[in-house]
1. Could you run the Debye sum over the Cα atoms of the range 1-69, one equal point scatterer each and no solvent, and tell me log10 of I(q)/I(0) at q = 0.15, 0.20 Å⁻¹, two decimals?
2. Going through the cross-link list Lys41/Lys98; Lys41/Lys87; Lys12/Lys98; Lys12/Lys106; Lys41/Lys104, which pairs have a Cα-Cα distance over 24 Å in this structure?
3. Over the range 17-90, with the other protein chains present, what is the accessible area per residue in square angstrom, probe 1.4 angstrom?
4. What is the gain in length, in nm to one decimal, between Met78 and Asp29 on full extension, counting 0.36 nm per residue of separation less the C-alpha to C-alpha distance?
Amino acid sequence: MDAIEYLWKDRKRFLGMPLSFTRYRLSEDRLFCETGFLNVKSDEVLLYRVRDLRLTMNLGQRIFGVGTVCVVSSDKSMPHLDLKNVKDPRAVKELIHKNVEAAKDKRRMRATELLGGENGPAYEEHGEDPDLDEDEG
């Protein structure tokens, strides 16, 4: 089995120091969250399923140079993943964004936002662009 090559690694930080047992890792196609010391729980989100990224930094986080990157995905088992108190959160968010776009391009995914509905916008995934007819080229 090939070892996974990680593009980014960090831990959840406390007062700016990596003193927790929550580890975050990013590969070219997945985002991992591992928690625990004796009992370890490992979750992952496939990057092509990521729908939205949000960055939050409260005053305490700003003082210690950390922030929370919120990842919203279409994954049923992990629809929302917060990368809490990571160092340099703006760069992390941008790195995740670039890899999400690359993963979607690799799979030829297109996200079309459909307006309307009671619950806000809905999303649809397509392997090809449904708006292009073969005649239009």
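1. -0.60, -0.99
2. The pairs that break the limit, which is 24 Å between Cα atoms, are Lys41/Lys98; Lys12/Lys106; Lys41/Lys104.
3. Roughly 57 Å² per residue, with all protein chains present.
4. Gain on extension, Met78 to Asp29, equals 16.1 nm.
The values are calculated or read from the model by the stated rules, or taken from the named source; none is laboratory data. Quantities reported herein were computed from a predicted structural model and do not represent experimental measurements. Only protein heavy atoms, including side chains, enter the accessible area calculation; ligands, DNA and RNA are left aside. Shrake-Rupley method; radii C 1.70, N 1.55, O 1.52, S 1.80 Å.
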